[in-house]
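Inspection log for the structure reproduced underneath, given as structure tokens.
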């Protein structure tokens, strides 16, 4: 996968349930929220609030979902789970990095998806899990 370097002026988001503050680093190496929950080799970020909202709503753990604005500390690349390997282009503007993301702030006025949308997404993820379809981690 080719690294993407031309997004330096773009605003990026990360959805999670972790309670973070500006300056904190979000790093690879923690258990994934998806599939078999193996240690993630990447951290994920998006240039759309909608994709970050899914991350916040679907993250495992206690507490409410949170969305942070983040700054990559190294190269980022298209997330192959949501780009050409599964969908044409990168419609969700989703990326990943092997380098940490630095939290620069928190988005507090985001709107979650409808209960119906959230239920449908969770059912879809459960079907993928039962079919043993894992995230792409090349």
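The values are calculated or read from the model by the stated rules, or taken from the named source; none is laboratory data. All of these numbers come straight from a predicted model, not from anything done at the bench. Note: ideal-geometry Cβ built from the backbone for every residue, glycine included; neighbour counts use all protein chains shown.
Find all pairs meeting these conditions: Cβ atoms under 8 angstrom apart; at least six residues apart or on different chains; first residue within region 88-104 and at positive phi and free of Cβ contacts under 8 Å to residues at least 24 places away in the same chain; second residue surrounded by 17 or more Cβ atoms within 10 Å (Cβ to Cβ) and part of a loop (DSSP other than H, G, I, E, B).
Close Cβ pairs satisfying both conditions: 89/83.
Restricting attention to region 43-56, report how many residues are more than 16 Å from residue 96 (Cβ to Cβ) and in contact with a strand residue (DSSP E or B) (Cβ under 7 Å, 6 or more places away or on another chain).
3
Kindly provide the set of residues from region 4-13 that are modelled with pLDDT under 95 and not in a loop (DSSP other than H, G, I, E, B), ordered by number.
Hit for region 4-13 is 4, nothing else.
Suppose we keep only residues that are exposed (fewer than 14 other Cβ atoms within 10 Å of the Cβ) and touching a helix residue (DSSP H, G or I) at 6+ places or on another chain (Cβ under 8 Å) within region 102-124. Which one would you say is modelled with the lowest pLDDT?
Among those that are exposed (fewer than 14 other Cβ atoms within 10 Å of the Cβ) and touching a helix residue (DSSP H, G or I) at 6+ places or on another chain (Cβ under 8 Å), it is 122.
Taking residue 90 as meeting all but one of (1) modelled with pLDDT under 85; (2) farther than 26 Å from residue 116 by Cα, write down the number of the exception.
So the condition that residue 90 fails would be (2).
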